[in-house]
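J.: Have a look at this one.
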Amino acid sequence: MAHDLVLKGGRVIDPASGCDTIADVAFAGGRLATVGQGLSGADERDVAGCIVTPGLIDLHTHVYWGGTSLSVDADSYARRCAATTLVDAGSAGPGNFAGFLKHVIEPADVRILAYIHISFAGIFAFSPTHMVGESQDMRLMAAKEAAEIAAAHPDRIVGLKVRVGRYTSGANGIEPLRLAIEVAERAGLPVMAHIDEPDPDYQDVVRLLRHGDVLTHCFRPSPNAPVDADGRLRDGLRQARERGVLFDIGHGMGAFSWSAARAAMKAGFPPDTISSDVHVLCVDGPAWDLMRTMNKLLALDMPLAEVIRAATETPARALRRDDLGRLAPGGVGDASVMRLVDEPIELEDVTGQTLTYAQRLLPQGRVLGGRYEDCAL
């Protein structure tokens, strides 16, 4: 078989198949052709010393640029961290999803999927000067309409997004989440739930979530951390994981704490998925991007293969997209290329605490639809 592109000599890590070996990865006709030795093609890229993974998936981003105040440009962001799939987490709601689809999702080079917000206009006021919690007004909750839009765009919309907490739902507490789950249950959709400060508290939110639902901001700081003041994992979290709830980092500007993360990891509770929650207030720190967030989990002694799994195979499962997150012959022609170099990096959390780690993950390139693009910084 004639190959169009071959990535030669990299360390191929594909957690979905259990592969971790030095190999070549070949692409043809926009698809992944094979993983093997001594492969050749029209375009050969020497990636010796690099790590080749399935295309990275950032499960929580905000990329409705120009349509919402919090969003960043999808393509420039994705190149920055060698991602091949971005999942927008509720920037748009049923009232403005059509604009997001036409002006951002369809023209983008990177694949963009979305959790549609149950707020009619999505997250409509999020900036350094204007912050309005959209779930504070139940008149804006349009879960039924969001489910209808999701049914009309099953190739683009993966579920419903809802935000609850002191700053987002205020006096309405947990009610927007109850509404989202009620509608999602009827529609056969998963929910991604945001939490900030109480009320509601962490356990009350987790208690409502179902198999396939995602709790984002899982390692946020106190007072709504995954651990109590003594560092013990809160009640109900293990049971939620056992019934299929997924726990997502969703770093952002306020949702990743070294102290909470260390305690949760010590308790044997790593995240299921790693995501950036990138938006205009955290893209230049403290979150930066997906790869910087992955680096933080490495610094917490999460094994490299599990860090990669949490940005490939597991988010693909959350999206119900078994064509993504793996290097499968005949499958989608995506891959990400990175280096892990022995170079110290200072990593900050959202409280201003820093940790210096001895190794740095650096993007090198990506393959999107069988086409290679350089992403080296």
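Laboratory data are not the source of any read-out in this text; all were calculated from the coordinates shown. Quick caveat: nothing in here was measured; it's all calculated off a predicted structure. Quick reminder, even Gly has a Cβ in these numbers, built from the backbone with ideal geometry, and neighbours come from all protein chains shown.
J.: Determine one quarter of the surface area of the Cα convex hull of the stretch 8-145, which equals its mean projected area, and express it in nm² to one decimal.
T.: Seen from a random direction, the Cα hull of the stretch 8-145 projects 11.0 nm² on average.
J.: Give, to the nearest whole percent, the P(r) tail of the stretch 218-289 beyond 14 angstrom, counting all Cα pairs.
T.: Summing the P(r) tail past 14 Å for the stretch 218-289 gives 58 percent.
J.: Excluding residues on the same chain fewer than 8 positions from LYS144, give the lysines whose Cα lies under 26 Å from its Cα.
T.: LYS144 reaches LYS102, LYS161.
J.: On to the next question. So what is the relative contact order for the stretch 125-168, in percent, with contacts set as C-alpha pairs under 8 Å and at least six apart?
T.: It comes to 41 percent, rounded to a whole number.
J.: Still on this model: Considering all alpha-carbon pairs of the stretch 10-64, what whole percent are spaced by more than 15 angstrom?
T.: So the pairs more than 15 Å apart make up 54 percent of the total in the stretch 10-64.
J.: Then there is this: Count the net charge of all other residues whose Cβ sits under 12 Å from the Cβ of PRO286, scoring Lys and Arg as +1 and Asp and Glu as -1.
T.: Net local charge, PRO286 excluded: -4.
J.: May I pose another question? Can you tell me the orientation of helix 143-152 relative to the chain, as the angle in degrees between its alpha-carbon axis and the longest Cα principal axis, to the nearest 10?
T.: The angle comes out near 30 degrees.
J.: Tell me, what ³J(HN,Hα) does each residue in the stretch 111-126 have, in order and in whole Hz, if you take phi through Karplus 6.51 cos²θ - 1.76 cosθ + 1.60 with θ = phi - 60° and put x for Gly and Pro?
T.: Computed from phi, the couplings for the stretch 111-126 are 6, 10, 10, 8, 8, 7, 6, 7, 6, 3, 10, x, 8, 9, 9, 9 Hz.
J.: Considering the chain, what Rg and Dmax in Å follow from its alpha-carbon atoms?
T.: For the chain, the Cα-based Rg and Dmax read 19.8, 63 Å.
J.: Sticking with this one: When every alpha-carbon pair in the stretch 320-377 is counted, what percent end up more than 13 Å apart?
T.: 71 percent
J.: Hey, another quick one. Hey, what's the Kirkwood Rh for the stretch 184-263 if you take every pair of different alpha carbons, in angstrom?
T.: Value: 12.7 Å, from the Cα pair sum.
J.: Same structure again: Please give the length that would be gained between ASP75 and THR129 if that part of the chain were fully extended, namely 0.36 nm times their separation in residues minus their C-alpha to C-alpha distance (nm, one decimal).
T.: 16.8 nm
J.: What order do you get for CYS282, CYS19, CYS375, CYS218 when you list them from fewest to most C-beta neighbours inside 10 Å?
T.: CYS19, CYS375, CYS282, CYS218
J.: Express in nm, to one decimal, how much length is gained between ARG210 and ARG139 on full extension, taking 0.36 nm for each residue of separation and deducting their alpha carbon distance.
T.: Here the answer is 23.0 nm.
J.: On a full-extension model of 0.36 nm per residue, what is the gain between ASP322 and ARG241, subtracting their alpha-carbon distance, rounded to one decimal in nm?
T.: 27.1 nm
J.: Which of these, ARG366, ARG139, ARG111, has the largest mean-square fluctuation under a Gaussian network model of the chain (Cα springs below 10 Å)?
T.: Its mean-square fluctuation being the largest, the pick is ARG139.
J.: Also, I was wondering about something else. When you have a sec, figure out the Kirkwood radius of the stretch 183-322 from all distinct Cα pair distances and drop it here in Å to one decimal?
T.: 15.1 Å
J.: Computed FRET efficiency, Cβ-Cβ of GLU346 and ARG31, R0 41 Å: what is it to the nearest 0.05?
T.: Between GLU346 and ARG31 the formula returns 0.55.
J.: Now for a different question. Tell me which trypsin sites (Lys or Arg not before Pro) from the stretch 316-357 have a DSSP coil assignment and no more than 14 other beta carbons within 10 Å of their own.
T.: Passing sites in the stretch 316-357 are ARG320.
J.: Give me the angle, in degrees from 0 to 90, between the Cα long axis of helix 175-187 and the longest principal axis of the Cα atoms of the chain, rounded to the nearest 10.
T.: Value to nearest ten degrees: 60.
J.: Among ILE118, ILE105, ILE345, whose mean-square fluctuation peaks in a Gaussian network model of the chain (Cα, cutoff 10 Å)?
T.: ILE345
J.: Rounded to the nearest 500, what is the 222 nm mean residue ellipticity of the chain from helices alone, with -39500 (n - 2.57) per DSSP H run of 4+ residues and division by all residues?
T.: -5500 deg cm²/dmol
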